[in-house]
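Some notes on the structure that comes next.
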Amino acid sequence: VYRTASGAPGHAYWQQRADYVIDIRLDDEKRHLYGSETITYHNNSPDELRYLWVQIDHNIFAPDSQGNLMRRAPDTSRVSFRGLHRLLAQQAFDGSARITSVQAAKENDLPHIIVGTMMRIDLPQPLRHGESTKFSIDWNYAINDSKIVSARMGYEYFEEDKNCIYEIAHWFPRMAAYTDAHGWQNK
């Protein structure tokens, strides 16, 4: 009833909804991003949700992230000084998101656990079909120098102008998808 045999939406198809209000401060001197957001999550599924999953994509830059732990060791037999500098800077860079607060709308702390790039938030009471919940998350992280730690985001410093350009993707904690086919997409 949710999807037809072709995968197209069926007559009982539903889709979750999340509304965000986000305040951001960019510290240009320290190359650091500070954020605070309020998320209103609407449960349009027929399921009762006891917890929510939030993606924290920036944790891919944590020193103990799976990506860093699985990186191949570089060939140091022919490494330049510039290459060695980049390697050491990559190992020293900690761009993981610091989650400083997770609170319900009534300013009560919500229990949560962070696993890699995912955060599970336990709800004080189950979220039933048609209901919504509102909560806030405060976070911050260091922005990577894209010449040293290359990624789909970062900053590039222009010596001649004494300023930076910032290209930042996946920059805020966002709701993971919850679907009829797979439930929470928390992998």
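Computed values, structure above
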| quantity | calculated |
| --- | --- |
| Residue satisfying all of: in the range 158-187; of a type in the set (Ser, Thr, Tyr) and within 30 Å of residue 8 (Cβ to Cβ); surrounded by the most Cβ atoms within 10 Å (Cβ to Cβ) among these | 178 |
| Test for residue 103: is it at pLDDT 70 or above, open to solvent by 90 Å² or more (accessible area, probe 1.4 Å) and assigned to a strand (DSSP E or B) | no |
| Selection within the range 4-20 - basic (Lys, Arg) and open to solvent by less than 100 Å² (accessible area, probe 1.4 Å) | none |
| Some residue of the range 126-148 being open to solvent by less than 80 Å² (accessible area, probe 1.4 Å), within 21 Å of residue 16 (Cα to Cα) and within 13 Å of the chain's Cα centre (by Cα) | yes |
| Pick from the range 89-100, criterion open to solvent by less than 70 Å² (accessible area, probe 1.4 Å) and within 21 Å of the chain's Cα centre (by Cα), ranking: modelled with the highest pLDDT | 99 |
| Matching residues in the range 115-125 - criterion: being open to solvent by less than 70 Å² (accessible area, probe 1.4 Å) and either closer than 15 Å to residue 96 by Cβ or touching a Cys at 6+ places or on another chain (Cβ under 9 Å) (or both) | 116, 117, 118, 119 |
| Total residues in the range 43-65, condition modelled with pLDDT under 65 and either in a helix (DSSP H, G or I) or open to solvent by 60 Å² or more (accessible area, probe 1.4 Å) (or both) | 0 |
| In the range 167-178, the residues that are among the aromatic types (Phe, Trp, Tyr) and assigned to a loop (DSSP other than H, G, I, E, B) | 171, 172 |
| Number of the exception - residue 77 against (1) among the polar types (S, T, N, Q); (2) open to solvent by less than 50 Å² (accessible area, probe 1.4 Å); (3) at pLDDT 70 or above | (2) |
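This table checks each residue for (1) acidic (Asp, Glu); (2) at pLDDT 95 or above; (3) not in a loop (DSSP other than H, G, I, E, B).
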{"residue": "134", "(1), (2), (3)": "no, yes, yes"}
{"residue": "137", "(1), (2), (3)": "no, yes, yes"}
{"residue": "140", "(1), (2), (3)": "no, yes, yes"}
{"residue": "149", "(1), (2), (3)": "no, no, no"}
{"residue": "152", "(1), (2), (3)": "no, no, no"}
{"residue": "161", "(1), (2), (3)": "yes, no, no"}
{"residue": "165", "(1), (2), (3)": "no, no, yes"}
{"residue": "181", "(1), (2), (3)": "no, no, no"}
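The values are calculated or read from the model by the stated rules, or taken from the named source; none is laboratory data. Predicted model only: the values in this text are computed from it and were never measured. All Cβ positions, even for glycine, are placed from backbone atoms using ideal geometry, and neighbour counts span all protein chains on display. Quick note on the areas: whole protein, heavy atoms, side chains included, nothing else; ligands and nucleic acids left out. Shrake-Rupley method; radii C 1.70, N 1.55, O 1.52, S 1.80 Å.
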